[in-house]
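The values are calculated or read from the model by the stated rules, or taken from the named source; none is laboratory data. Just so we're clear, the structure is a prediction, and the values are computed from it rather than from any experiment. Neighbour counts run over all protein chains shown; Cβ positions are idealised from the backbone, glycine included.
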């Protein structure tokens, strides 16, 4: 499986575990830190990243837009 798919699936699993089975009444936010370092352990090749994920409340789920994007 491609690495981006692995990352997305891992994040989904962790977020769903935190949300639980109950009704989600409020928007929830998750911060996901990432880090990279090459095999040579060089500081110039080390990076850190962060993603913020918003999970909408059950009553506020966005509607998809059927119009094609340009």
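Looking only at region 2-10, decide whether some residue is part of a strand (DSSP E or B) and either in contact with a strand residue (DSSP E or B) (Cβ under 9 Å, 6 or more places away or on another chain) or in contact (Cβ under 8 Å) with a residue 60 or more places away in the chain (or both). Write out each step before concluding.
Pass one, region 2-10, residues part of a strand (DSSP E or B): none.
No - not one qualifying residue is present in region 2-10.
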Flagged pairs (Cβ under 7 angstrom, 6 or more apart or on separate chains; first in region 18-29, farther than 13 Å from residue 54 by Cα; second surrounded by 11 or more Cβ atoms within 10 Å (Cβ to Cβ) and at pLDDT below 90) are 23/58
Residues in region 20-57 that are under 19 Å from the mean Cα position of the chain (by Cα), outside any loop (DSSP other than H, G, I, E, B) and farther than 22 Å from residue 10 by Cα total 0
Screening 27, 58 for residues that are in contact with a strand residue (DSSP E or B) (Cβ under 7 Å, 6 or more places away or on another chain), modelled with pLDDT of 85 or more, surrounded by 10 or more Cβ atoms within 10 Å (Cβ to Cβ) and on the phi < 0 side of the Ramachandran plot leaves only 27
